[in-house]
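The values are calculated or read from the model by the stated rules, or taken from the named source; none is laboratory data. Given the structure is predicted, the values throughout are model-derived calculations rather than measurements. Note that each Cβ is placed from the backbone with ideal geometry, even for glycine, and that neighbours are counted across all protein chains shown.
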Amino acid sequence: MKCNFLLLIIFLLSFNFSTYAQEENSKLKIGFNYGFGETDKFPFETDDYTYDIQFYKIQLNYLIFEWRKFDFEINVEPSYYQTEHQLLNKYFVTPDDPDYLEKREEYTKLKTMNEYVLGIGFLIRYPIVDKLSVSALGSIGPMYIDTETERMAKGFAFSDVLSFGITYKVNKLAFDLRYGVRHVSNAELQQPNSGYNTTNLEFGVLIDL
């Protein structure tokens, strides 16, 4: 009798834990995004430099709570950016720099750079029709850039992103399209720190776990 009662308790606990785990897992999405961007697109415009990017992200979204029809999610995105940058306006490097002629020659060359970013943000999602939702994402994260230019020092910096997206869900899969802006700078931790701005378009796929 005691053995049967114990088995019943174990079964109930196992069932509850399994249900809890399924509920928790249903809140978690993992995916992959690819995108590209450049600096001379609305709302940005400059004749001083080019800054073209391609990027790859692993996307992790966790639903923290719901309010009415809104979903509030934590968004974590380990990301790799490959960028091409070139100074177009050589007079951006001014004569008060003792090596300004050498720097003008160096900085006006086209450069390929690598950026490694951990984006951490907050996403708000709202369903507009069945299977289709819109979202807004704001994130900031630490990053490392491997090349010094006239606008930014090599090393530690921050990547700030604001984007708006639309998502179409089919069973456990969700297809994501986002349009947004990004700003890169190092918060005056090093000089120079003029930073870069881009307007970005990205595509992704997510799966419910």
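Kindly establish whether Asp146 is surrounded by 16 or more Cβ atoms within 10 Å (Cβ to Cβ), among the charged types (D, E, K, R) and either under 20 Å from the mean Cα position of the chain (by Cα) or at pLDDT 95 or above (or both).
Working: surrounded by 16 or more Cβ atoms within 10 Å (Cβ to Cβ): no; among the charged types (D, E, K, R): yes; either under 20 Å from the mean Cα position of the chain (by Cα) or at pLDDT 95 or above (or both): yes.
Here the answer is no, as Asp146 does not meet what is asked.
Out of (1) surrounded by 14 or more Cβ atoms within 10 Å (Cβ to Cβ); (2) more than 22 Å from Tyr107 (Cβ to Cβ); (3) in contact (Cβ under 8 Å) with a residue 24 or more places away in the chain, what's the single condition that is false for Ala157? The single condition Ala157 does not satisfy is (2). Being modelled with pLDDT under 95, under 28 Å from the mean Cα position of the chain (by Cα) and under 15 Å from Leu123 (Cβ atoms) is a property that Glu66 has.
Whether any residue in segment 81-99 is surrounded by 17 or more Cβ atoms within 10 Å (Cβ to Cβ), under 18 Å from Arg178 (Cα atoms) and within 23 Å of the chain's Cα centre (by Cα) is what I want to check. Checked against the condition, which is being surrounded by 17 or more Cβ atoms within 10 Å (Cβ to Cβ), under 18 Å from Arg178 (Cα atoms) and within 23 Å of the chain's Cα centre (by Cα), segment 81-99 yields at least one hit.
Against the numbered list (1) without any contact (Cβ under 8 Å) to a residue 40 or more places away in the chain; (2) surrounded by 14 or more Cβ atoms within 10 Å (Cβ to Cβ); (3) closer than 30 Å to Lys172 by Cβ, Val129 comes up short only at (2).
Looking at the structure I just gave you, is Glu188 exposed (fewer than 14 other Cβ atoms within 10 Å of the Cβ) and among the acidic types (Asp, Glu)? Give the derivation first.
Values: exposed (fewer than 14 other Cβ atoms within 10 Å of the Cβ): yes; among the acidic types (Asp, Glu): yes.
The answer is yes for Glu188.
Under the condition of being within 18 Å of Met113 (Cα to Cα) and in a strand (DSSP E or B), the residues counted in segment 29-53 number 10.
Only a single item in (1) among the aliphatic types (A, V, I, L, M); (2) under 21 Å from Asp48 (Cα atoms); (3) assigned to a strand (DSSP E or B) is not met by Ile128, and it is number (2).
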